Amino acid sequence: MKLKYRFAIVACAVLVACGQADRPGTPAAATAPADEQFDAAVAEMTSAYFYHVPEAATQLGISEDLVPETSTRMMDRSVAGNAARNAALEAALASLAVIDAESLDAGRQSTHAVLTTLFEGALGPSRLVDYGTTTGAWTLWYLPYSIVQNSGPTVDIPNFLTSQQPVTNEEEAETFLVRLATVGAALTGALESYRHGVQQGAIPPDFIVDKSLAVTTAFIEPGADRNPIYLAYVEKLEQAGIEDAEAYADRALRIIDADVLPAYQRIADYLAEVRSSAPHDAGVWRLPNGEALYAAMIRHMTDSNLSAEVIHRTGLSEVGRITAQMDELLKGAGYADGTVGERMQQLNVEARFLYANNVEGKEELLDDVRGYVAGMYEKLPEWFREIPDHKVEVHMVPEFSQASAPIGYYNNPAPDGSRPGYYFINLRDTALHPSWTLPTLSYHEAVPGHHLDGATSIDRDVPSIVKALWSNTSGEGWALYAERLAAEMGLYADDPFGDLGRLQAELHRAVRLVTDTGMHAMKWSREEAIEYMVSVEGLDEETATSEIERFVVWPAQALGYKLGQLKILALREQAREALGEQFDIRDFNQTVLEVASTPLPFIESTVHDWIAQSGDL
């Protein structure tokens, strides 16, 4: 099915116009034909992005013929590295901005709209403040603090090397070691950026410093020979059948002992040093130019110019709607006394819903999760036109990062099929996962959520730079929409507690609208936000604390889920009304899935075009 893109440029141009008006250094229009000029601009952007974010090149299998020297080094996280990265991306965006999108063919128009929106959003925060980092290790994602408890180099580097860096032959085994030898410098650069932020007045809250220090210390404590990077490398060597594997492993051990662990220790020492001067206020409103920064983060993370006040009210409205549905289900199951949150807290601790917190219990939990994924695969052909070939595997979150990692997350497969998608589930305590919560988590992280989106995206015939990036609100909105699809598929027809888990998960995303804006715009404390989440949702306090602290270091990211889902649902209703009996859920789902990681205005225009085409048939 070919799609027209006449609405896409208008929709995305409206969103990005405010970011282009005052940007200096925009080059004069070139004289080359528009398509050639555009292709050159995309090539410049591709080279700039992957050169400065080499981990993303490895994740996507980008050839070094396209962007040299990406497999043997880590992203430069120093102050100078951040500045150079921003300058290169700004220059690439400027080359794209001078091109008249209307003069391009349909495919190039779509790429122009997607890249312009995503880069404008990601670069917006760094135009306002002189701290933080514009990109994460694998994608465009501004973070105000360079070292935190759930992301940044102390977490991302080990996760990347253990799950993304390939070792299938001797050449790759050597490449792994060369890259490992650059980790110490990358960590040193990140520490420099962290110091710079502190000097600018952008010090994280005290509780974030504590959690960041705990993660760093947990990585150091086992020693080099029990380090997760070393153990993963040894396993990779064994699986690949590498000759002289012991010699390779010994070299890795020496690098970790001499370079990596000392770099972690320097970070730990500085975190301990600044802890006493860290404030307790949770929101970015207290940072230099913090109010403007949060507005830019909303735009970056939601593809919209919505105000914090509007988002807050939307969250309160959705909390009321979903809570009413949960109240009805709870009463039907015999739970009539107390608030919805109090009744959900009862379910959290009922023995019949809990797994044993031991090796056997964790294996049973993982087996059940794999069963939910397999069961969903059987249903997908009834709801989608095409299912990607890439598979997904379920794994436990590495132990060193369990204390602060989310309860579940997903990593994309390799485009060439050499690596499946990975759905990680956090098993630091099986009590975090009452059995009625697991189906929804699996449908979100795996299928038809992030894995179906990611596996479809990497197979699209688009430039590699488009495959490397995604819209937070569209990608997370799709995954929350996927949770809703599971109910519509009938998977909870005989499982009221599973449906309660689905509704609680949706309620959680509505609560995020309230608490994120509450902390970052309305000056709520961390404790107020935790109390609201516990009382409204019924989450246990440990999980609520981890979630709220995540929102503290990822401002506005949590807004994308619900706002994205609401937009997709609204578009679906528009399609139903417009097409009547011609509406087919498989066609709608496939239409959105094929562009599910692109900015929300582009998804909207794509669906409008599909409606127009379908109505003409």
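The values are calculated or read from the model by the stated rules, or taken from the named source; none is laboratory data. Note that the coordinates shown come from a computational prediction; the quantities given were computed from them, not determined experimentally. With ideal geometry, Cβ positions are generated from the backbone for all residues, glycine too; neighbour counts draw on all protein chains shown.
Among the listed residues Ala113, Ala94, Ala88, which satisfies the condition of being over 24 Å from Leu60 (Cβ atoms), touching a Ser or Thr at 6+ places or on another chain (Cβ under 9 Å) and not polar (S, T, N, Q)? Working first, answer last.
Values: Ala113 fails: over 24 Å from Leu60 (Cβ atoms); Ala88 fails: over 24 Å from Leu60 (Cβ atoms).
Just one listed residue meets the conditions, Ala94.
Here are His444, His390, His450, His433: which of them is within 30 Å of Thr217 (Cβ to Cβ), modelled with pLDDT of 95 or more and not hydrophobic (A, V, I, L, M, F, W, C)? If you could, list the steps in order and put the result at the bottom.
On the way: His444 fails: within 30 Å of Thr217 (Cβ to Cβ); His390 fails: within 30 Å of Thr217 (Cβ to Cβ); His450 fails: within 30 Å of Thr217 (Cβ to Cβ).
The unique qualifying residue is His433.
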| query | Is one or more of the residues making up region 169-191 at pLDDT 95 or above, surrounded by 17 or more Cβ atoms within 10 Å (Cβ to Cβ) and over 27 Å from Glu64 (Cβ atoms)? | reply | yes
| said: Condition check: at pLDDT 95 or above, outside the structural domain of Leu347 (by TED's automatic domain parsing) and in contact with a Gly (Cβ under 9 Å, 6 or more places away or on another chain). Does Ile255 satisfy that? | reply: yes
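Only one residue in Pro415, Pro439, Pro398 is within 28 Å of Ser546 (Cβ to Cβ), surrounded by fewer than 23 Cβ atoms within 10 Å (Cβ to Cβ) and under 21 Å from the mean Cα position of the chain (by Cα). Which one?
On the way: Pro415 fails: within 28 Å of Ser546 (Cβ to Cβ); Pro439 fails: surrounded by fewer than 23 Cβ atoms within 10 Å (Cβ to Cβ).
Being within 28 Å of Ser546 (Cβ to Cβ), surrounded by fewer than 23 Cβ atoms within 10 Å (Cβ to Cβ) and under 21 Å from the mean Cα position of the chain (by Cα) holds for just one of Pro415, Pro439, Pro398, which is Pro398.
This table checks each residue for (1) more than 28 Å from the chain's Cα centre (by Cα); (2) closer than 29 Å to Phe424 by Cβ; (3) at pLDDT below 95.
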position	(1), (2), (3)
Ala282	no, yes, no
Trp285	no, no, no
Ser307	no, no, no
Gly338	yes, no, no
| On the given criteria, is Leu539 under 30 Å from Val340 (Cα atoms) and in a loop (DSSP other than H, G, I, E, B)? | yes
| field | Checking Ala529 against (1) in a helix (DSSP H, G or I); (2) closer than 30 Å to Arg385 by Cα, the condition it does not meet | value | (2)
| message | For region 401-412, give me each residue that is under 17 Å from the mean Cα position of the chain (by Cα) and farther than 22 Å from Glu360 by Cβ. | response | Ser401, Ser404, Ala405, Pro406, Tyr409, Tyr410, Asn411, Asn412
| query | Restricted to region 504-535, and to residues that are in contact with a Leu (Cβ under 7 Å, 6 or more places away or on another chain) and more than 16 Å from Gly449 (Cα to Cα), which residue is surrounded by the fewest Cβ atoms within 10 Å (Cβ to Cβ)? | reply | Val514
| Within the set of pairs 6+ apart or on separate chains, which have a first residue in region 568-581 that is outside the structural domain of Glu476 (by TED's automatic domain parsing), a second that is at pLDDT below 95 and in a helix (DSSP H, G or I), and C-beta atoms under 7 Å apart? | Ala578/Gly615; Leu579/Ser614; Leu579/Gly615
| remark: Within region 456-468, the count of residues that are surrounded by 22 or more Cβ atoms within 10 Å (Cβ to Cβ) and of a type in the set (A, V, I, L, M, F, W, C) comes to 3
| Among the residues of region 85-92, is any buried (at least 24 other Cβ atoms within 10 Å of the Cβ), touching a Leu at 6+ places or on another chain (Cβ under 9 Å) and not small (Gly, Ala, Ser)? | no
| query | Taking helices (runs of 4 or more DSSP H) that do not extend beyond region 294-388, which have at least 2 residues that are without any contact (Cβ under 8 Å) to a residue 24 or more places away in the chain and surrounded by fewer than 19 Cβ atoms within 10 Å (Cβ to Cβ)? | reply | 308-332, 359-379
| query | Within the set of pairs 6+ apart or on separate chains, which have a first residue in region 525-543 that is closer than 12 Å to Gly315 by Cβ, a second that is of a type outside the set (Gly, Ala, Ser) and surrounded by fewer than 16 Cβ atoms within 10 Å (Cβ to Cβ), and C-beta atoms under 8 Å apart? | reply | none
| Can we say Gly136 is surrounded by fewer than 22 Cβ atoms within 10 Å (Cβ to Cβ) and in contact with a strand residue (DSSP E or B) (Cβ under 7 Å, 6 or more places away or on another chain)? | yes
| said: On the basis of being assigned to a loop (DSSP other than H, G, I, E, B), of a type in the set (A, V, I, L, M) and either surrounded by 21 or more Cβ atoms within 10 Å (Cβ to Cβ) or modelled with pLDDT of 95 or more (or both), does Leu261 make the cut? | reply: no
| Hey, any hits in region 570-585 for a residue that's under 17 Å from Ile407 (Cβ atoms) and among the small types (Gly, Ala, Ser)? | no
| message | Against the definition (in contact with an Asp or Glu (Cβ under 9 Å, 6 or more places away or on another chain), of a type in the set (A, V, I, L, M), under 30 Å from Arg108 (Cβ atoms) and surrounded by fewer than 24 Cβ atoms within 10 Å (Cβ to Cβ)), how does Ala487 come out, yes or no? | response | no
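Just to check your reading of the model, which residue among Ala97, Ala106, Ala80, Ala101 is under 16 Å from Glu192 (Cα atoms), more than 17 Å from the chain's Cα centre (by Cα) and aliphatic (A, V, I, L, M)?
Values: Ala97 fails: under 16 Å from Glu192 (Cα atoms); Ala106 fails: under 16 Å from Glu192 (Cα atoms); Ala101 fails: under 16 Å from Glu192 (Cα atoms).
Unique residue meeting the criteria: Ala80.
Yes or no: Ser126 surrounded by fewer than 23 Cβ atoms within 10 Å (Cβ to Cβ), small (Gly, Ala, Ser), closer than 23 Å to Thr58 by Cα and not assigned by TED's automatic domain parsing to the domain that holds Arg419?
Details: surrounded by fewer than 23 Cβ atoms within 10 Å (Cβ to Cβ): yes; small (Gly, Ala, Ser): yes; closer than 23 Å to Thr58 by Cα: no; not assigned by TED's automatic domain parsing to the domain that holds Arg419: yes.
No: the conditions fail for Ser126.
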| query | Do any residues in region 140-159 that are farther than 14 Å from Met75 by Cβ have Cβ atoms under 7 Å from those of residues that are acidic (Asp, Glu), where the two are at least six apart or on different chains, and which pairs are they? | reply | Gln149/Glu549
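Residue under question is Tyr561, and the condition is that it be assigned by TED's automatic domain parsing to the domain that holds Glu488, of a type in the set (Ser, Thr, Tyr), over 23 Å from Gly132 (Cα atoms) and surrounded by 24 or more Cβ atoms within 10 Å (Cβ to Cβ); does it hold? Before the answer, list the steps.
Details: assigned by TED's automatic domain parsing to the domain that holds Glu488: yes; of a type in the set (Ser, Thr, Tyr): yes; over 23 Å from Gly132 (Cα atoms): yes; surrounded by 24 or more Cβ atoms within 10 Å (Cβ to Cβ): yes.
When the stated conditions are applied, Tyr561 passes them.
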